[in-house]
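Colleague: I have a structure I would like to understand better, so I am pasting it below and will then ask my questions one at a time.
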Amino acid sequence: MSRISAAKRLELIRNKNRPTVNDYIPMIFHNFTQLHGDRYYGDDPAIMAGLAFFMGIPVTVIAHVKGRDIDENKRSNFAMPHPEGYRKALRLAKQAEKFRRPVVCLIDTPGAFCGIEAEKRGQGEAIAKNLMEFMSLRTPIVSIVLGEGGSGGALALAVCDELMLLENALYSVISPRGFASILWKDPTLETQAAELMKITSEDMLELGVCEKIIPEAEGGAHNDPQSTAENISDFLFEAVQRLIKTDVDVLLKNRYEKFRKIGMFSFVHE
Amino acid sequence: MGLEDLFKTVRDRFKDKDEKSSPLPETHKKPEIPGNLLFKCPRCRATAYMEEFEKNRKVCAHCDYHSRLTWRERLDITADKGSFREFDGDMVSMNPIGFPDYEKKISRLSCECKTNEAVVTGECTIQGYRAVIGIMDSHFMMASMGSVVGEKITRLFEYATERKLPVIIFAASGGARMQEGIISLMQMAKTSGAIARHNEARQLYITVLTDPTTGGVTASFASLGDVIIAEPKALIGFAGRRVIQDTIKQHLPDDFQSAEFLLENGFVDMITDRKRMRKILSRLLKVHNYRKQEE
Ligand SMILES: [Zn+2]
């Protein structure tokens with residue numbers, strides 16, 4: 001498989017016809033029943049969550065809601081969650097733990113929302129809490145990056161037993177645009193930034209950040225959403241089958257180790 | 001807008017002010033006529049003689065802004081004399097994404113800041129109580145979190161979990177370290193996992209949020225303390241002020257994302273003056289049944 005550049009992939013994931021969770025959920029799950037609200041403040045339309053059957057197995061689905069057009073995007077705040085979105089995700093993850101249901105997170109976000117209300121309601125705390133709680137959640141968690149995996153806003157749904165990226169999906173600490181504007185004071189250098197940052201699915205595999213790359217339809221998922229959805233189902237099925245058979249203590253130990261070993265450092269000699 | 005600048009934070013915000021006013025007390029800043037003899041408060045613009053300001057633990061006598069300390073200054077006013085034993089002081093960053101000149105920058109800062117990284121960790125006593133401690137130093141790459149910060153914090157919690165010890169972290173950070181790409185983001189998950197285990201061992205974790213605590217550090221270990229203390233007037237938040245301003249296109253109140261703002265909104269337990277910090281910390285350790293060390 002020849003590598004497509006990060007810059008080209010930036011274009012692919014911005015393609016107006018790239019499938020979103022609204023397309024994928026009915027193709028992958030059955031009887032999806034949406035559940036709303038964080039029980040404290042409100043219901044965040046940027047994160048959709050609910051119950052469904054996956055290949056006959058009851059699961060909890062938590063997903064960022066990218067819109068397919070401007071109206072849908074306005075309704076879901078361009079998939080940029082507020083704290084109540086992360087708190088809804090945590091509530092339903094805890095519920096999944098109670099009923100021993102696997103959790104499937106579908107990630108597609110530019111990042112957490114930056115605004116006054118988000119700060120007032122503790123955006124940082126909400127994300128931090130998810131990281132800590134997901135790390136010790138006693139049920140399998142599989143996360144899949146469908147398009148954009150933007151920084152802490154993506155990570156809040158990506159502490160998991162197995163992380164997969166769609167072939168053209170990107171995962172980064174900051175958007176290439178943001179990276180360029182900080183480092184070179186010029187956001188238009190985003191393609192250069194994208195190349196430098198190591199953000200593609202192959203990079204994630206090499207860096208030990210993700211476990212699997214899910215192939216997309218030839219030329220990108222938008223060319224054949226159905227076959228891409230089937231690929232997602234196949235990969236997801238293999239992982240869920242394996243993880244539900246794993247002893248929960250082993251699962252948690254492996255999850256901890258998966259993140260524990262990420263980092264590159266050395267020691268200066270005296 | 002969007003995530004562009006999720007982690008672009010304080011540095012820019014304060015650069016503005018720097019340009020308008022005089023430099024922060026950083027020795028490598030270009031000296032102006034009064035040189036290092038004057039402190040000019042970045043919050044209220046009041047000036048004071050550097051000597052007085054330093055005697056006052058680097059707190060602005062006029063507005064009570066608790067300005068930034070080096071790790072060494074923080075250690076000196078926190079730990080019992082001679083009690084500190086450092087962990088992993090020789091751990092240094094590598095360059096996971098091959099970022100141009102990253103190693104050069106690190107080694108220059110290592111000399112300037114007298115530490116190999118943005119956090120110094122170890123063990124000490126505070127008014128006789130044994131604690132495991134981490135001190136972040138914003139003079140080192142804005143105390144951004146990369147592999148070394150993540151690893152040192154994680155090891156700190158693992159050490160404390162194993163020995164049933166309390167952890168105290170003085171947080172300060174501009175966020176994730178972009179130069180390490182996705183690896184820096186993963187440190188948020190790694191540290192939070194280590195805290196989860198420390199929790200399961202039912203040990204106390206205290207965070208002290210100092211100026212500035214933002215981005216990925218706010219969104220991970222800094223927000224996970226059993227008790228969260230903030231220093232007066234410290235900037236604490238997730239997103240950068242300018243990013244928010246660009247999004248909403250309206251003026252933000254001066255106290256937005258201040259320690260006081262967080263207290264009002266329920267995200268910190270208390271705001272504690274530097275003078276009383278040791279007393280408060282030791283009282284918290286005592287109430288959690290940790291024992292004073294025998295002389
Ligand atoms: Zn002042």
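The values are calculated or read from the model by the stated rules, or taken from the named source; none is laboratory data. Here the structure is a predicted model, which is why all the values come from computation and not from measurement. No Cβ is skipped: glycine too gets one built from the backbone with ideal geometry, and neighbour counts run over all protein chains shown. The accessibility values were calculated without ligands, DNA or RNA, using every heavy atom of the protein model including side chains. Shrake-Rupley method; radii C 1.70, N 1.55, O 1.52, S 1.80 Å.
Colleague: Compute all pairwise cysteine Cβ distances in chain B, then list the cysteines with no distance under 4.7 Å to another cysteine.
Modeller: B:Cys111, B:Cys113, B:Cys124
Colleague: Provide the three semi-axes, in whole Å and in decreasing order, of the ellipsoid equivalent to the protein assembly as shown as defined by the square roots of 5 times the Cα gyration tensor eigenvalues.
Modeller: Numbers: eigenvalues 307, 136, 95 Å².
In descending order the semi-axes read 39, 26, 22 Å.
Colleague: Under 10 Å, Cα contacts only: if you run a Gaussian network model on chain A, which one of A:Ser181, A:Ser172, A:Ser143 comes out with the highest mean-square fluctuation?
Modeller: A:Ser181
Colleague: Using only protein heavy atoms and a 1.4 angstrom probe, determine the accessible area buried between B and A, summed over both sides, in Å² to the nearest 100.
Modeller: Chains B and A together bury roughly 5300 Å² of accessible area.
Colleague: First check a/c for the stretch B:164-295, with a ≥ b ≥ c the square roots of the eigenvalues of its C-alpha gyration tensor; if it is under 1.5, answer rounded, and if not, answer prolate when a/b is larger than b/c or oblate otherwise.
Modeller: Details: a/c = 2.61, a/b = 1.42, b/c = 1.83.
Oblate, because a/c is 1.5 or more while a/b does not exceed b/c.
Colleague: Charges only on Cβ, +1 for Lys and Arg, -1 for Asp and Glu: so what's the dipole of chain B about the Cα centre, in debye to the nearest 20?
Modeller: 460
Colleague: Over the stretch A:1-149, consider all pairs of different Cα atoms and compute the Kirkwood hydrodynamic radius from their mean reciprocal separation; express it in Å, one decimal. Write out the running numbers ahead of the final one.
Modeller: Values: mean 1/r = 0.0628 Å⁻¹.
So the Kirkwood estimate lands at 15.9 Å.
Colleague: Under 5 Å between amide H atoms, partner at least 5 residues away or on a different chain: which partners does B:Ile133 have, H built in plane at 1.01 Å?
Modeller: B:Gly122, B:Glu123, B:Cys124, B:Ile168
Colleague: Right, something else. Rounded to the nearest 5, what is the percent of antiparallel bridges among the DSSP beta bridges in the stretch B:68-287?
Modeller: 40
Colleague: Under a Cβ-only charge scheme (Lys and Arg +1, Asp and Glu -1), can you give me the dipole magnitude of the stretch A:108-230 about the Cα centre, in debye to the nearest 20? Display every interim value, and only then the final one.
Modeller: On the way: 8 positive and 20 negative charges, 131 e Å.
Here the size comes out at about 620 debye.
Colleague: Moving on to the next point. Report the FRET efficiency, 1/(1 + (r/R0)^6), for A:Phe53 and B:Ala61, where r is their Cβ-Cβ distance and R0 is 56 Å, rounded to 0.05. Write down the numbers at each step before the final one.
Modeller: Working: r = 66 Å, r/R0 = 1.17.
The calculated FRET efficiency here is 0.30.
Colleague: Scale the Cα Rg of the stretch B:68-287 by the rule-of-thumb value 2.2 N^0.38 Å and send over the ratio, two decimals.
Modeller: The stretch B:68-287 yields a ratio of 0.98.
Colleague: Can you list the residues, at least 5 places off or on another chain, whose amide H is less than 5 Å from the amide H of A:Gly149, using H built in the peptide plane?
Modeller: Residues meeting the amide H criterion: A:Thr109, A:Leu170, A:Tyr171, A:Ser172.
Colleague: Return the residues of the stretch B:189-230 for which accessible area with all protein chains present is lower than in the chain on its own by 30 Å² or more; set the probe to 1.4 Å and exclude ligands, DNA and RNA.
Modeller: B:Ala189, B:Lys190, B:Ser192, B:Gly193, B:Ala196, B:Arg197, B:Ala219, B:Ser223, B:Leu224
Colleague: Please find the FRET efficiency linking A:Lys74 to A:Gln226, where r is the Cβ-Cβ separation and R0 is fixed at 41 Å, and quote it to the nearest 0.05.
Modeller: Here the calculated transfer efficiency is 0.90.
Colleague: Ignoring ligands, DNA and RNA, what percent of the 1.4 Å accessible area of the protein assembly as shown is carbon and sulfur?
Modeller: 51
Colleague: Given DSSP loops and a limit of at most 16 other Cβ atoms within 10 Å, what is the longest stretch of chain A that contains no such chymotrypsin sites (Phe, Trp or Tyr not before Pro)?
Modeller: It runs A:185-270.
Colleague: Any chance you could run the full-extension gain for A:Ser266 through A:Glu117? It's 0.36 nm times the residue separation minus the Cα-Cα distance, nm to one decimal.
Modeller: 49.5 nm
Colleague: Then there's this: Relative to the isolated chain, which residues of the stretch A:228-267 have their accessible area cut by 20 Å² or more in the presence of all protein chains (1.4 Å probe, heavy atoms, no ligands or nucleic acids)?
Modeller: Correct list: A:Tyr256, A:Phe259, A:Arg260, A:Ile262, A:Gly263, A:Met264, A:Phe265, A:Ser266, A:Phe267.
Colleague: With θ set to phi - 60°, apply the Karplus curve 6.51 cos²θ - 1.76 cosθ + 1.60 along the stretch A:59-75 and write out the HN-Hα couplings as whole Hz, x wherever there is a Gly or Pro.
Modeller: Each residue's phi maps through the Karplus curve to give 9, 9, 10, 10, 9, 6, 9, 7, x, 8, 8, 5, 5, 4, 5, 5, 5 Hz.
Colleague: For B:Arg85 and B:Asp273, FRET efficiency with R0 = 30 Å and r from the beta-carbon atoms, rounded to 0.05?
Modeller: 0.60
Colleague: What does a probe at A:Arg242 reach in the stretch A:129-156, counting residues whose amide N is under 14 Å from the point 7 Å along Cα→Cβ?
Modeller: Inside the label zone: A:141-143.
Colleague: Just to be sure I understand: with springs between alpha-carbon atoms less than 10 Å apart, which residue in B:Tyr65, B:Tyr49, B:Tyr159 has the highest mean-square fluctuation in the Gaussian network model of chain B?
Modeller: Evaluated over chain B, the most mobile residue of the options is B:Tyr49.
Colleague: Can you compute the modelled spin-label distance between B:Cys44 and B:Gln127, with each label point 7 Å from Cα toward Cβ, in nm?
Modeller: 2.7
Colleague: To continue, here is another question. Leaving out ligands and nucleic acids, and using a 1.4 Å probe, what accessible area per residue does the stretch A:6-258 come to in Å²? Could you put the intermediate results ahead of the total?
Modeller: On the way: 9110 Å² over 253 residues.
For the stretch A:6-258, the per-residue accessible area is 36 Å².
Colleague: Same structure again: Considering only Cα-Cα distances, which of the following residue pairs are longer than 19 Å: B:Lys55/B:Lys292; A:Lys88/A:Lys120; A:Lys16/A:Lys74; A:Lys120/A:Lys185; A:Lys98/A:Lys245? Could the numbers behind the result be given before it?
Modeller: Numbers: B:Lys55/B:Lys292 29 Å; A:Lys88/A:Lys120 17 Å; A:Lys16/A:Lys74 15 Å; A:Lys120/A:Lys185 29 Å; A:Lys98/A:Lys245 17 Å.
Result: B:Lys55/B:Lys292; A:Lys120/A:Lys185 exceed 19 Å.
Colleague: Which shape class applies to the stretch A:6-258: rounded if a/c is under 1.5, otherwise prolate when a/b exceeds b/c and oblate if not, where a ≥ b ≥ c are the square roots of the Cα gyration tensor eigenvalues? Walk me through the intermediate numbers first.
Modeller: On the way: a/c = 1.39, a/b = 1.20, b/c = 1.16.
Note, shape of the stretch A:6-258 comes out rounded.
Colleague: Now a separate question. Rolling a 1.4 Å sphere over the protein heavy atoms, what is the accessible area per residue of chain B, to the nearest Å²?
Modeller: It amounts to 41 Å² per residue over chain B.
Colleague: Go ahead and set up a Gaussian network model of chain A, Cα springs under 10 Å, then flag whichever of A:Glu117, A:Glu84, A:Glu230 fluctuates most.
Modeller: Among A:Glu117, A:Glu84, A:Glu230, the largest mean-square fluctuation in the Gaussian network model of chain A belongs to A:Glu117.
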